[in-house]
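Have a look at the structure below before the remarks.
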Amino acid sequence: MRRLSVTRRLTAAAAAAAAASVVFAGPVAAEPTAVDWSAATTHLRAAVAGNPAAEQAIDRLLAAGPAVEQAALPAQPFQIPAQSDIGRGTGPGVYGSGIALNYDGFRLGFFGGPGTIAPNQAGANLQVVWYNMSNGRSGTQTLLEHNDVPVDTTIRTPVFDPGAGMVVAAVYGTLWHRWPVPVSDANPDGFQYQLGTISVPSFGAFYN
């Protein structure tokens with residue numbers, strides 16, 4: 001699948017973010033906000049210095065060409081979705097998006113991909129790097145909390161505090177998915193499993 005331009009992906013993702021705001025609770029910005037995406041990715045790159053996996057992920061994000069854009073921030077889903085080797089289960093392509101959650105304390109999460117998120121994430125490693133544009137704080141969290149119920153397709157970080165203000169973040173790494181199939185020798189538990197590897201991180205800006 002040909003990679004969409006960042007501008008087109010931002011436009012499409014803004015509409016999806018507005019729809020998702022009905023589902024996910026969290027802070028809301030009333031007016032569109034100018035986001036310097038080039039500066040944001042540069043800050044993220046500096047924040048992960050010395051972490052080779054994170055450096056490679058942000059380098060791929062920089063190579064995708066984020067530029068200064070006017071982005072509406074009506075909700076918490078990230079404006080730019082991830083690309084991965086499995087896409088929606090049909091090959092490389094759009095995979096899912098990061099999201100900021102604030103209903104039981106502040107967390108960052110990821111939703112999407114084929115099937116549901118597998119309860120056992122052994123061998124996978126999904127990370128989110130963040131930078132607070134307002135106070136200069138930054139960090140990297142592991143997304144590892146997941147409820148194994150049919151409607152739960154979001155995996156989340158533990159609660160943490162990035163501080164108040166505008167935060168930019170990117171989700172990268174790997175994640176196990178599963179979906180039901182007939183029981184067989186190959187699938188004795190009635191599920192098929194697939195590991196998704198993010199090729200271009202999901203990237204977004206939001207307010208805390």
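Would you check if Asp161 is open to solvent by 60 Å² or more (accessible area, probe 1.4 Å), under 19 Å from Ile99 (Cα atoms) and of a type outside the set (Phe, Trp, Tyr)? Spelling it out, Asp161 is indeed open to solvent by 60 Å² or more (accessible area, probe 1.4 Å), under 19 Å from Ile99 (Cα atoms) and of a type outside the set (Phe, Trp, Tyr).
Which residue out of Val23, Val68 is surrounded by fewer than 16 Cβ atoms within 10 Å (Cβ to Cβ), in contact with an Asp or Glu (Cβ under 8 Å, 6 or more places away or on another chain) and modelled with pLDDT under 50? On inspection, the qualifying residue turns out to be Val68. The set of residues in the stretch 31-46 being in a helix (DSSP H, G or I) and either open to solvent by 30 Å² or more (accessible area, probe 1.4 Å) or modelled with pLDDT under 85 (or both) consists of Trp37, Ser38, Ala39, Ala40, Thr41, Thr42, His43, Arg45, Ala46. Starting from the stretch 178-189, take each residue that is aliphatic (A, V, I, L, M) and list its partners that are open to solvent by 50 Å² or more (accessible area, probe 1.4 Å) and in a loop (DSSP other than H, G, I, E, B), counting only C-beta distances under 8 angstrom and pairs at least six apart or across chains. Hits for this filter: Val183/Asp189. Note on the stretch 76-123: residues that are at pLDDT below 80 and open to solvent by 10 Å² or more (accessible area, probe 1.4 Å) amount to 7.
Residues in the stretch 113-130 that are assigned to a strand (DSSP E or B) and under 16 Å from Tyr95 (Cβ atoms): 5 in all. Selection of the stretch 47-64 for residues being without any contact (Cβ under 8 Å) to a residue 60 or more places away in the chain and either under 19 Å from Ala205 (Cβ atoms) or open to solvent by less than 60 Å² (accessible area, probe 1.4 Å) (or both) yields Glu55, Leu62. In this structure, is Thr153 in contact with a Ser or Thr (Cβ under 6 Å, 6 or more places away or on another chain) and more than 21 Å from Ala53 (Cα to Cα)? It is true that Thr153 is in contact with a Ser or Thr (Cβ under 6 Å, 6 or more places away or on another chain) and more than 21 Å from Ala53 (Cα to Cα).
The values are calculated or read from the model by the stated rules, or taken from the named source; none is laboratory data. A quick note: this is a predicted structure, and the numbers were derived from the prediction, not measured. Note that we place each Cβ from the backbone using ideal geometry, even for glycine, and neighbour counts take in every protein chain shown. To get the accessible areas, we keep the full protein, side chains included, count just its heavy atoms, and leave off ligands, DNA and RNA. Shrake-Rupley method; radii C 1.70, N 1.55, O 1.52, S 1.80 Å.
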